[in-house]
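Below: the structure, in structure tokens.
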């Protein structure tokens with residue numbers, strides 16, 4: 001069986017668990033699950049993309065609730081924590097103490113400004129790059145930042161969905 005067939009055959013409880021590890025917004029996982037069966041992998045990814053684009057702001061906040069602060073190691077042995085550690089691993093390598101401290105301060109300033117964790121698609125980025133983006137984004141207005149956050153959450157969910165499918169195939 002290929003990954004699409006396995007995905008289609010997963011029991012609902014297992015599928016929900018895998019999808020929540022991709023995006024903690026239940027509405028996202030429900031939208032992806034509701035379209036089963038899929039004919040091919042690309043349809044699953046497209047459904048995940050469409051579901052992410054359709055999230056309400058409360059849904060996005062639910063999705064954010066499972067993300068650790070950037071630069072902090074996700075705790076636990078859940079699939080989602082493992083995804084987070086993998087995504088932030090490049091950023092954690094080689095960062096000096098000054099950059100780490102500046103990132104902590106940027107996180108604090110961002111959270112004070114917007115009331116939620118700073119979210120960025122961290123895969124392949126250094127802490128210096130992430131810090132620069134955090135400093136830029138704290139100047140955004142609320143509407144602009146919500147659009148950016150929604151898109152970052154979408155990119156993370158799709159990367160994780162790809163990884164779930166890779167593990168199934």
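Couple of notes before you dig in:
- Scope the range 134-149; condition touching a residue at least 12 places away in the same chain (Cβ under 8 Å), under 18 Å from the mean Cα position of the chain (by Cα) and surrounded by fewer than 20 Cβ atoms within 10 Å (Cβ to Cβ); matching residues: 145, 146
- Qualifying residue in the range 20-36 (condition: within 21 Å of residue 164 (Cα to Cα), within 15 Å of the chain's Cα centre (by Cα), crowded, with 17+ Cβ neighbours inside 10 Å and at pLDDT below 90): no
- Scanning the range 8-23 for residues that are in a helix (DSSP H, G or I) and either under 15 Å from residue 55 (Cβ atoms) or in contact with a helix residue (DSSP H, G or I) (Cβ under 8 Å, 6 or more places away or on another chain) (or both) turns up 12, 15, 16, 17, 18, 19, 20, 21, 22.
- Helices (runs of 4 or more DSSP H) wholly inside the range 57-133 containing at least 2 residues that are exposed (fewer than 15 other Cβ atoms within 10 Å of the Cβ), at positive phi and modelled with pLDDT under 90: none
- Scope the range 13-29; condition touching a residue at least 12 places away in the same chain (Cβ under 8 Å) and farther than 22 Å from residue 121 by Cα; matching residues: 15, 16
- Of all residues in the range 134-146, exactly one satisfies the criterion of being within 26 Å of residue 22 (Cβ to Cβ) and outside any helix (DSSP H, G or I), namely 140.
- So residue 50, is it outside any helix (DSSP H, G or I), surrounded by fewer than 15 Cβ atoms within 10 Å (Cβ to Cβ) and at pLDDT 95 or above: no
- Residue count for the range 24-47, restricted to those that are under 20 Å from residue 63 (Cα atoms) and assigned to a helix (DSSP H, G or I): 13.
The values are calculated or read from the model by the stated rules, or taken from the named source; none is laboratory data. Owing to the predicted nature of the structure, the values given are computational and were not obtained by experimental measurement. FYI the Cβ positions are ideal-geometry reconstructions off the backbone, even for glycines, and counts take in every protein chain you see.
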